[in-house]
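The block underneath contains the structure these notes are about, expressed in structure tokens.
Read-outs throughout are calculated quantities, based only on the coordinates presented, and are distinct from any laboratory measurement. Small disclaimer: the values here were computed from a predicted structure and weren't measured. Cβ sites come from the backbone with ideal geometry, for glycine too, and all protein chains shown count toward neighbours.
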Amino acid sequence: MTRYARHLQDHTIVNPFPGLPRLEAAIGRRIVSRIGSNESMAISDHPLATQWGEALYELARLYPDPYAGAVRERAAVRNGVAAANVVVDAGADSLIGLFLRARVSPGDVVVCTAGTYPSFRYFAEGVGARVVEVPYLQQDGVLVNDLAALAHVANTQQAALLYLANPDNPTGTHHGHDAIHALREQLHPDTLLLLDEAYIDFCDQAERQGVLPQTVRLRTLSKAHGLAGLRVGYALAPEEWVNKADQIRTQFAVSSVAQAAAVAVLDAPQCAERIIGESSRLREQLATRLREGGVHVLPSHTNFVCICYANADDALRRQKILLQQGIAVHRPPHPAMQHALRITAHPDACQESVLEVLTKG
């Protein structure tokens, strides 16, 4: 039996406002007049229409599809799954919070790597979880998620959930699908594996496909699709997990504008291919220049590079110099990773003045 948070285990929550697309499916015809939704009537010269056009105004004026059906369908095709295996929410961060709420009760143990994406711990503490961390494994100077140790700790602690960013943030390192399948097989069936795959678009297509048992695979349209400001993400999961997530998800969290933008970019895969190609080219150019400058750069399967310095003070000093120039680079907040700087693959990162600080300080 699938295990959810204790208060959800034997309780089905019914959405009181499932939206017009589901009503149309139920009655078998189009709704031509929306006089039951209490939306504002259209007026002439509305500021949105004046500044950005009638199409945006119309999207903003009307309630969105609470289930983002058009986005689900396209995400399903892109990843070789059924639409019933897709849930859409306001970005990958919202999906992290959503599945923590679905699986974790106050006091339950969740496991992650010490120094990985810090928003996981932020959300986990918010649902009352007890966070147990596992150090990164060092392999020939490269920091990677220690899958064997993560599985051992999760099983020993009877963890409700194991979080794994893959590719990892902030290191950029990646485990292939065979290793992930093996990890899932090692875990107790009651432990939900939450795979944060925000950067998976920068890996081979074969790495992105399919649904795993008792596993949620998070995706975002922020990195490879250019929609960071609109907050759209989706998850691939077994149908029972999608159904439970839909019961507790904020139903109108993804706006009509965001859904329309998501449909547009998913219908134009060449756009993502261009972003991925350009970002990957810049990432390799940046990594090469940094290595030539004598700093230790981790291999990356993302749109950023991670530099590891000798100590936290060295990383902080360089970060402060760049901040004084109005340039923001990221230094992870976790004590285990404060010796690192994460740099986005961007033309600005390849400027000589920036490279000088990052390499020579």
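How many percent of the alpha carbon pairs in the chain exceed a separation of 37 Å?
Considering the chain, 25 percent of its Cα-Cα pairs are separated by more than 37 Å.
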Quiz prompt | Kirkwood hydrodynamic radius of the range 270-359, Cα pairs, Å | solution = 13.3
Self-check item: the range 46-202: relative contact order in percent, alpha carbon pairs under 8 Å with at least 6 residues between
Solution: 18
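Could you work out the relative contact order of the chain, using alpha carbon pairs under 8 angstrom and six or more residues apart, expressed as a whole percent?
Taking the mean separation of contacting Cα pairs over the length of the chain, I get 17 percent.
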Practice problem: For the range 260-349, give the magnitude of the charge dipole about the Cα centre (Cβ charges: +1 Lys/Arg, -1 Asp/Glu; no others), in debye to the nearest 20. | Solution: 280
Quiz item: What is the range 246-351's relative contact order, in percent, from Cα pairs under 8 angstrom and six or more apart in sequence?
Solution: 23
Self-check item: Rounded to 10°, Cα long-axis angle of helix 256-266 versus longest principal axis of the chain
Solution: 60
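Which percent, to the nearest 5, of DSSP beta bridges fully inside the chain are antiparallel?
Approximately 55 percent, going by the DSSP bridge assignments.
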Self-check item: Spherically averaged projected area in nm², based on the convex hull that wraps the Cα atoms of the range 123-269
Solution: 9.9
Quiz prompt | Where labels lie 7 Å past Cα in the beta-carbon direction, separation of Gln158 and Ala26 in nm | solution = 4.1
Quiz item: For Leu323, Leu282, what ranking results if the residue with the fewest other Cβ atoms within 10 Å of its Cβ goes first?
Solution: Leu323, Leu282
Self-check item: Backbone HN-Hα couplings from phi across the range 216-224 [Karplus 6.51/-1.76/1.60, Hz, Gly and Pro as x]
Solution: 10, 10, 8, 10, 9, 9, 7, 8, 9
Quiz item: ³J(HN,Hα) across the range 62-69 via Karplus (A = 6.51, B = -1.76, C = 1.60, θ = phi - 60°), whole Hz, x for Gly/Pro?
Solution: 9, 4, x, 5, x, 9, 6, x
Self-check item: Charge dipole magnitude, Cβ of K and R +1, D and E -1 - the chain, Cα centre, debye nearest 20
Solution: 400
Exercise. Search the structure for amide H atoms under 5 Å from the amide H of Phe304, placed 1.01 Å from N in the peptide plane, and list their residues when 5 or more places away or on another chain.
Key: Ala345
Exercise. Could you name the lysines whose alpha carbon sits less than 22 Å from that of Lys360, not counting residues in the same chain fewer than 8 places away?
Key: Lys320
Quiz prompt | Translational diffusion of the range 79-177, µm² s⁻¹ [Kirkwood Rh, Cα pairs; Stokes-Einstein; 20 °C; 1.002 mPa s] | solution = 149
Exercise. Find which of Val329, Gln205, His152 sits farthest along the positive direction of the dipole of the chain, computed with +1 on the beta-carbon of Lys and Arg, -1 on that of Asp and Glu, about the Cα centre.
Key: Val329
Quiz item: Exactly which trypsin sites (Lys or Arg not before Pro) in the range 270-361 are in a DSSP loop and have at most 12 other Cβ atoms within 10 Å?
Solution: Lys360
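Specify, per residue and in Å³, the volume enclosed by the convex hull of the alpha carbon atoms belonging to the range 228-284. Write out the running numbers ahead of the final one.
Numbers: hull volume 6.8 nm³, N = 57.
Convex hull volume per residue, Cα atoms: 119 Å³.
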Quiz item: Which listed residue (Pro170, Leu183, Met1) has the Cα farthest towards the positive end of the charge dipole for the chain, taking +1 on Lys and Arg C-beta and -1 on Asp and Glu C-beta about the Cα centre?
Solution: Met1
Practice problem: Based on other C-beta atoms within 10 Å, arrange Thr156, Thr302 from fewest to most. | Solution: Thr156, Thr302
Quiz item: Where does the chain land at 222 nm, in deg cm²/dmol rounded to the nearest 500, when only DSSP H runs of n ≥ 4 count, each adding -39500 (n - 2.57), divided by all residues?
Solution: -12000 deg cm²/dmol
